[in-house]
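Only one structure is covered here, and it is reproduced in the block below.
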Amino acid sequence: MKVPFVSIRKEYSFLKRKINAVIPHVINNESLLFGRSVGEFEKKFAKYIGSRYCLTLNSGTDALILGLRALQLSPGDEVLLPTHTFFATALAAVENGLKPVLVDTDINDFGMDLTDLKSKITNRTKAIIIVHLYGQAEKMEEIQQIISKDGRKIHLIEDACQAHGALYKGKRAGSFGTFSAFSFYPTKNLGGYGDGGAVTTSNTALAKRLGFLRQYGQIKKYYHSYVGINSRMDTIQAAILNIKLAYLNEWNHKRQQLAKEYNRILSPLTPDIKIPVIFPERRSVYHLYVVRALKQQKLISYLTSHGVTTLIHYPKPIHLQKALHFLGYKRGMLPNSEKLSKEIISLPLHHFITLHQIRYVARSIQKFYQ
Ligand SMILES: *Cc1c(COP(=O)(O)O)cnc(C)c1O
């Protein structure tokens with residue numbers, strides 16, 4: 001049996017009639033940039049997340065970079081962020097001339113280690129970017145408490161690029177921070193047929209600035225008050241996302257059900273395999289199903305030879321990336337993240353995988369450890 005990691009084409013064949021109708025409709029009837037479908041998506045997505053504004057952009061990376069730019073921090077200000085995340089989280093700081101300060105990993109939930117986080121807050125700390133990694137919300141109350149107890153003005157920013165629809169005590173990921181960044185990269189829980197991203201925020205001044213920044217910094221056509229860039233979502237992508245947004249809850253639910261099946265078959269395999277720890281007040285949307293495995297590389301090869309595609313998110317923590325060598329981190333400085341990167345494996349899980357395929361993957365893992 002073949003089990004691919006994602007299945008965009010299966011999803012397309014399910015949506016084919018709607019998608020094939022909407023694309024010519026947009027071309028014939030709407031502006032290709034900032035068309036009606038863009039406004040419609042921004043309104044619907046803001047409502048879905050529970051924030052006042054949604055501004056669509058070209059990518060999740062741009063959402064992080066431009067959102068942070070709109071905060072107007074000073075060069076050299078420090079931004080705390082997890083070392084165990086996708087590189088774009090760190091780019092947000094670096095691209096704005098800010099200093100990323102990397103925080104070690106909580107072995108239980110793959111989020112930030114709060115002791116390490118607390119020890120790294122200084123007078124220069126102006127923002128903390130939390131990442132709702134793999135679809136599970138971060139420890140929101142604990143982190144909000146750390147910030148409010150500290151007393152200094154520190155912005156909470158959410159990288160929600162993997163957490164469309166995730167809940168923390170009934171409240172959506174993406175509604176907590178000064179702003180939140182979303183990605184609509186094709187394989188995300190909500191993805192377009194190309195790049196796309198958005199910022200959600202309830203801060204009116206920030207939303208306004210961001211609206212200028214995504215359009216060359218112009219406040220009206222050909223009048224530039226900011227040094228912005230060009231970062232917009234195509235109307236065609238917004239129209240596609242409007243169709244898909246209607247299925248997001250159903251698809252997330254499906255991922256949750258499929259994850260239960262993985263849990264059922266894999267949990268007896270502890271300690272060879274450790275299933276993801278999901279906390280009841282933090283409802284994961286399982287962007288990824290990540291296990292910790294003894295013999296990571298051997299298991300990956302075994303699964304590959306049995307037709308199962310797996311990935312590692314992520315094989316090298318941010319503090320060890322060559323591009324950020326200048327920050328001065330060395331191996332051993334953020335030990336939990338380094339240990340985890342040698343154990344984690346992302347198993348195939350998406351909203352069009354079958355129960356049959358999930359069982360095949362899980363039973364293959366069972367056989368490997370027998
Ligand atoms: C996907 C992702 C991004 C970047 O989004 P793009 O749309 O690919 O630029 C940023 N952070 C995290 C955690 C992501 O998973």
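The values are calculated or read from the model by the stated rules, or taken from the named source; none is laboratory data. Quick caveat: nothing in here was measured; it's all calculated off a predicted structure. Methodologically, a virtual Cβ is constructed for each residue, glycine included, from the backbone with ideal geometry; neighbour enumeration extends over all protein chains shown.
Just need a number here: residues in the stretch 278-299 that are of a type in the set (Val, Ile, Thr) and either under 16 Å from residue 360 (Cβ atoms) or at pLDDT below 95 (or both). Residues meeting the conditions: 2. Among the numbered conditions (1) in a loop (DSSP other than H, G, I, E, B); (2) surrounded by 17 or more Cβ atoms within 10 Å (Cβ to Cβ); (3) of a type outside the set (Val, Ile, Thr), the only one that residue 212 does not meet is (1).
The residues of the stretch 294-327 that are away from the ligand (no atom under 16 Å from the Cβ), part of a loop (DSSP other than H, G, I, E, B) and not β-branched (Val, Ile, Thr), listed by number, are 294, 295, 306, 307.
For the stretch 140-148, the count of residues that are more than 10 Å from the ligand (Cβ to nearest atom), hydrophobic (A, V, I, L, M, F, W, C) and part of a loop (DSSP other than H, G, I, E, B) is zero. In this structure, residue 205 qualifies as surrounded by fewer than 18 Cβ atoms within 10 Å (Cβ to Cβ) and within 25 Å of residue 39 (Cα to Cα). Looking across the stretch 55-75 at every residue that is more than 14 Å from the ligand (Cβ to nearest atom) and within 15 Å of residue 212 (Cβ to Cβ), the one that is farthest from the chain's Cα centre (by Cα) is identified as 72. Residues that are in contact with a strand residue (DSSP E or B) (Cβ under 6 Å, 6 or more places away or on another chain) and without any contact (Cβ under 8 Å) to a residue 40 or more places away in the chain do not occur anywhere in the stretch 190-202. Scanning the stretch 328-364 for residues being of a type in the set (Gly, Ala, Ser), touching an Asp or Glu at 6+ places or on another chain (Cβ under 9 Å) and part of a loop (DSSP other than H, G, I, E, B) gives a total of 1. Can you tell me how many residues within the stretch 161-196 are away from the ligand (no atom under 12 Å from the Cβ) and either hydroxyl-bearing (Ser, Thr, Tyr) or in contact with a Pro (Cβ under 7 Å, 6 or more places away or on another chain) (or both)? Going through the stretch 161-196 one residue at a time, the tally reaches 4.
Look through 199, 291 and report the one residue that is within 15 Å of the ligand (Cβ to nearest atom), surrounded by 15 or more Cβ atoms within 10 Å (Cβ to Cβ) and among the hydrophobic types (A, V, I, L, M, F, W, C). Among 199, 291, only 199 is within 15 Å of the ligand (Cβ to nearest atom), surrounded by 15 or more Cβ atoms within 10 Å (Cβ to Cβ) and among the hydrophobic types (A, V, I, L, M, F, W, C). Of the set (1) within 14 Å of the ligand (Cβ to nearest atom); (2) buried (at least 24 other Cβ atoms within 10 Å of the Cβ); (3) over 30 Å from residue 307 (Cα atoms); (4) not acidic (Asp, Glu), all apply to residue 110 but (3).
Among the residues making up the stretch 160-184, those that are of a type in the set (A, V, I, L, M) and under 16 Å from residue 66 (Cα atoms) are 160, 181.
Select the strands (runs of 3 or more DSSP E) contained entirely in the stretch 46-116, then report the ones holding at least 2 residues which are more than 25 Å from residue 245 (Cβ to Cβ) and at pLDDT 95 or above.
Numbers: elements: 53-57, 78-82, 99-103.
Once the strands (runs of 3 or more DSSP E) in the stretch 46-116 are filtered for at least 2 residues that are more than 25 Å from residue 245 (Cβ to Cβ) and at pLDDT 95 or above, what remains is 78-82, 99-103.
Is it true that residue 158 is free of Cβ contacts under 8 Å to residues at least 40 places away in the same chain and within 13 Å of the ligand (Cβ to nearest atom)? Spelling it out, residue 158 is indeed free of Cβ contacts under 8 Å to residues at least 40 places away in the same chain and within 13 Å of the ligand (Cβ to nearest atom).
Applying a threshold of 9 Å to beta carbon distances and a minimum spacing of six or more residues, or different chains, the list of pairs starting in the stretch 227-249 at a residue that is touching a residue at least 12 places away in the same chain (Cβ under 8 Å) and closer than 25 Å to residue 284 by Cβ and ending at one that is among the β-branched types (Val, Ile, Thr) and not in a helix (DSSP H, G or I) reads 241/56; 248/285.
For the stretch 89-98, the criterion of being within 13 Å of the ligand (Cβ to nearest atom) and more than 18 Å from the chain's Cα centre (by Cα) is met by at least one residue.
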